Ligand code: RP5
């Protein structure tokens, strides 16, 4: 059974998609319904604002917004919805992503953007899932199981490295 609320993955350009694909893969793995859109804050500001204004009534529970350089997309969406917005700064441009990181994270009081690492698409999806899981016990259980599996994998790697080091 899928989760009730959808996630949106919105990017400023189709050139951001190779990075954002990791978010889509993660959401799909957890059976979270999502839509992917290219919607620029600068090149189509009215459409981006309209999307954010209608997002809650269109069934979205969280928005992931990615952009590079003067990365205003996440902030522009956040300005038009009270749904949580997760910003993904995209690497590239003259400052190699630092410009996008600061443009995304340095929001004025009252309009937050939960900003992940530069190119942190996977963590954006994990954070979105954690937000949706607050009202979705199936998803919460899936996330707990995934954490346990992750810990088990690391424990196996720990054992392997320790065995290899001991045999030196
Ligand atoms: C940003 O400018 C986009 O999010 C992208 O990261 C960057 C370059 O866009 P393109 O010129 O490749 O369309 O708005």
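For the chain, the longest principal axis of the Cα atoms and the long axis of helix 17-29 meet at an angle of about 60 degrees.
When 101, 73 are ordered from fewest to most other Cβ atoms inside 10 Å of their Cβ, what list results? Before the final figure, lay out each step's value.
Values: 101 23, 73 33.
Ranking 101, 73 by Cβ neighbours within 10 Å, fewest first, gives 101, 73.
From the alpha carbon centroid of the range 78-127 to that of the range 22-71 is 12 Å.
Compared with the dominant principal axis of the Cα atoms in the chain, helix 45-54 is inclined by about 70°. Going from the residue with the fewest nearby Cβ atoms within 10 Å to the one with the most, 85, 36, 19, 62 rank 36, 19, 62, 85.
Can you give me the distance in nm between label points at residue 28 and residue 94, each placed 7 Å from the Cα along the Cα-to-Cβ direction? My value for the distance between the label points is 3.8 nm.
Would you list 11, 150, 131 from fewest to most Cβ contacts within 10 Å?
Values: 11 25, 150 10, 131 19.
Ordered from fewest to most neighbouring Cβ atoms within 10 Å, 11, 150, 131 come out as 150, 131, 11.
Given the options 37, 138, 147, state which has the largest fluctuation in a GNM of the chain using a 10 Å cut-off (strictly under) for Cα springs. Sorting by GNM fluctuation, first place goes to 147. If you run the Gaussian network model on the chain, springs between alpha carbon atoms under 10 Å, then out of 50, 66, 100 the most flexible one is 50. At full extension, residue 168 and residue 56 could sit 34.5 nm farther apart than now, given 0.36 nm per residue minus the alpha carbon distance. What the Cα atoms of the chain give is an Rg and a Dmax of 17.7, 64 Å.
Throughout, read-outs are computed from the coordinates displayed, never taken from laboratory work. Since the structure is predicted, the reported quantities are computational estimates derived from the model, not experimental observations. Quick reminder, even Gly has a Cβ in these numbers, built from the backbone with ideal geometry, and neighbours come from all protein chains shown.
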